[in-house]
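Beneath this line is the structure, given in structure tokens, with notes to follow.
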Amino acid sequence: MKISVELFGAARDLSSKDFINFELVKNSSIKDLRNQLLRFVDSNFNGNETFKKIINSSSFCSDEDKIVSDNFKIEKTQRFSIIPPIGGG
């Protein structure tokens with residue numbers, strides 16, 4: 001299924017667009033999506049540690065404007081937002 005990740009704050013440096021699309025299998029979790037983003041950084045930014053820290057410390061928000069945990073199951077094609085911490089915290 002197609003998952004779109006909208007980029008906010010420091011995460012906007014991950015793409016020239018304001019989103020990145022991924023293909024995930026049904027019932028993947030936010031943790032799987034986070035790992036997909038980390039692999040994206042490995043292949044597109046030579047494993048940039050700053051980008052990895054941003055991804056690992058960010059929250060994800062569903063298309064229903066709810067913060068979702070890493071164990072949230074993704075059951076359909078949808079959009080998520082990655083929300084990095086502001087001011088490094």
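Remarks
- For the chain, the set of trypsin sites (Lys or Arg not before Pro) satisfying both a DSSP loop assignment and a count of at most 13 other C-beta atoms within 10 Å is given as LYS17, LYS26, LYS66, LYS76.
- Label-to-label distance, nm, for residues given as ASN71 and ASN46 (7 Å Cα→Cβ offset): 3.9
- Three-way shape call for the stretch 50-89 based on the alpha-carbon gyration tensor, with the a/c threshold at 1.5: prolate
- Cα-based helix-to-principal-axis angle, 30-44 vs the chain, degrees rounded to 10: 40
- Simple Cβ-charge dipole of the chain, Lys/Arg +1 and Asp/Glu -1, about Cα centre, in debye nearest 20: 140
- The lysine pair tally for the chain, using Cα distances under 15 Å and a gap of 8 or more places or different chains, is 8.
We did not get these values from a lab; they are worked out from the coordinates using the rules stated. The shown structure was predicted, so the numbers you read here are calculated from the model rather than taken from an experiment. All Cβ positions, glycine included, derive from the backbone under ideal geometry; neighbour counts span all protein chains shown.
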